[in-house]
1. Go through the range 48-81 residue by residue and tally those that are more than 17 Å from Ala123 (Cβ to Cβ), under 17 Å from the mean Cα position of the chain (by Cα), in a strand (DSSP E or B) and not β-branched (Val, Ile, Thr).
2. Name the residue that is modelled with the lowest pLDDT, counting only residues in the range 176-206 that are of a type in the set (Val, Ile, Thr) and assigned to a loop (DSSP other than H, G, I, E, B).
3. Give me a count of the residues in the range 33-63 that are surrounded by 12 or more Cβ atoms within 10 Å (Cβ to Cβ) and in contact with a Phe, Trp or Tyr (Cβ under 8 Å, 6 or more places away or on another chain).
4. State which residue pairs qualify: first residue over 19 Å from Pro7 (Cα atoms) and inside the range 144-167, second residue among the hydroxyl-bearing types (Ser, Thr, Tyr) and surrounded by fewer than 17 Cβ atoms within 10 Å (Cβ to Cβ) in any location, beta carbons under 9 Å apart, and separation of 6 or more residues or different chains.
5. Name the residue that is farthest from the chain's Cα centre (by Cα), counting only residues in the range 168-215 that are surrounded by 17 or more Cβ atoms within 10 Å (Cβ to Cβ) and acidic (Asp, Glu).
6. Quick check on the range 166-175. Is at least one of its residues modelled with pLDDT of 90 or more, out of contact with any Asp or Glu (no Cβ under 7 Å at 6 or more places or on another chain), of a type in the set (Asp, Glu) and in a loop (DSSP other than H, G, I, E, B)?
7. Hey, among the residues in the range 123-143 that are in contact (Cβ under 8 Å) with a residue 12 or more places away in the chain and among the hydrophobic types (A, V, I, L, M, F, W, C), which one's nearest to Leu164 (Cα to Cα)?
8. Checking the condition modelled with pLDDT under 90 and within 23 Å of Arg197 (Cβ to Cβ), which residue from Ile49, Ile126 passes?
Amino acid sequence: MTHKVHPKALRIGVTKDWASKGFYEKDFSTFLKEDYEIRSFLMELLREIGIERIEIERSSEEIGIIIYSARPGLIIGRGGEGVKKLKEKIEKKIRAGSKDDKRKVRLEIKEVKDPWLSASLAAQDIARQLEKRIPYRKVVKQALYKIAMHKEVKGVRIQVSGRLNGIEIARSEHFQQGQLKRETIRADFDYGFEMARCSYGAIGIKVFIYKGEKF
C-alpha cells in the first residue's frame, strides 16, 4: 500500500527550506500555534490579492513576517499606508492572548515576478474561475498551457476533485503534461493546494510543477 506524504515536507533539507525559522525551543507549541494563526489570518484577509507563501522569522524581541505576492502594490498601498494598517492588525492579533507581549512585528512584502511559475498562485487562479462556474476542463487546460510554456518547467500536473461541474457524484480527475518525478527526493517540485468554494460544494485543486533535479 502507498503512503501519501506532503511533497514539500518530504523535501525539507534537500531542495526546500522551512517556512518558519528562529528560536522555538523555549515554548515550541505556543509559537507553532501562533504561526498557524498568523498565516491563516493573512491568507483569509488577503485571499483576493493572491499570496504565494508566508515566511516567519523569530527572534527574542521580534517577529519578522515576509509575504510573497503577485500584486504587492495592493498590499503596500499609497505611501505604504496599507502595510501600516496590516501591521497594526497583526500586532492586535498577536497581543489578543497577552497584553504584556512587547514583541515587535517586522513586515516585508516581496513580489512574485511570474505567478504561473508558482503552484500556489496557479491553484488560487483556478479556484477563483471555478467559483465563477466556468467549466473545469477549460480552466484546467488553460492553466496547464500557461504553466507548461515556461522554459524552467519540465512537467506539470493539475488534479481537481469534488462535484465537478455540479454533477451529483464526486470524482477526481487529473491533467498532466511533460515529465514528473514525484518519487525522487532531489526533484525540485513546487506544490500548491487550494479549495474552490462553489455553490454546489467544495472542489479541491492540487498543482504540481516540476522544474528538474537539484544536486
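1. Going through the range 48-81, the residues more than 17 Å from Ala123 (Cβ to Cβ) turn out to be 55-67, 72-81.
Checking which are under 17 Å from the mean Cα position of the chain (by Cα) leaves us with 55-56, 65-67, 72, 75.
Of the ones still in play, those that are also in a strand (DSSP E or B) are 55-56, 65-67.
Add one more test, that the residue is not β-branched (Val, Ile, Thr), and what stays is 55.
Selection size over the range 48-81: 1.
2. Keep residues of the range 176-206 that are of a type in the set (Val, Ile, Thr), which gives 184-185, 203, 205.
Adding the requirement that they be assigned to a loop (DSSP other than H, G, I, E, B) leaves 184-185.
Values: Thr184: 83, Ile185: 86.
Checking each candidate, the answer is Thr184.
3. Total meeting the criteria: 7.
4. The qualifying pairs are Gly162/Ser172; Gly162/Tyr200; Arg163/Tyr200; Leu164/Ser172; Asn165/Tyr200; Gly166/Ser199; Gly166/Tyr200; Ile167/Tyr200.
5. Ranking the candidates gives Asp188 first.
6. The answer is yes; a qualifying residue exists.
7. Restricting to residues being in contact (Cβ under 8 Å) with a residue 12 or more places away in the chain and among the hydrophobic types (A, V, I, L, M, F, W, C), the top hit is Leu130.
8. Being modelled with pLDDT under 90 and within 23 Å of Arg197 (Cβ to Cβ) holds for just one of Ile49, Ile126, which is Ile49.
The values are calculated or read from the model by the stated rules, or taken from the named source; none is laboratory data. Remember, predicted model here, so these are calculated numbers, not experimental data. Virtual Cβ from ideal backbone geometry, glycine too; neighbours counted across all protein chains shown.
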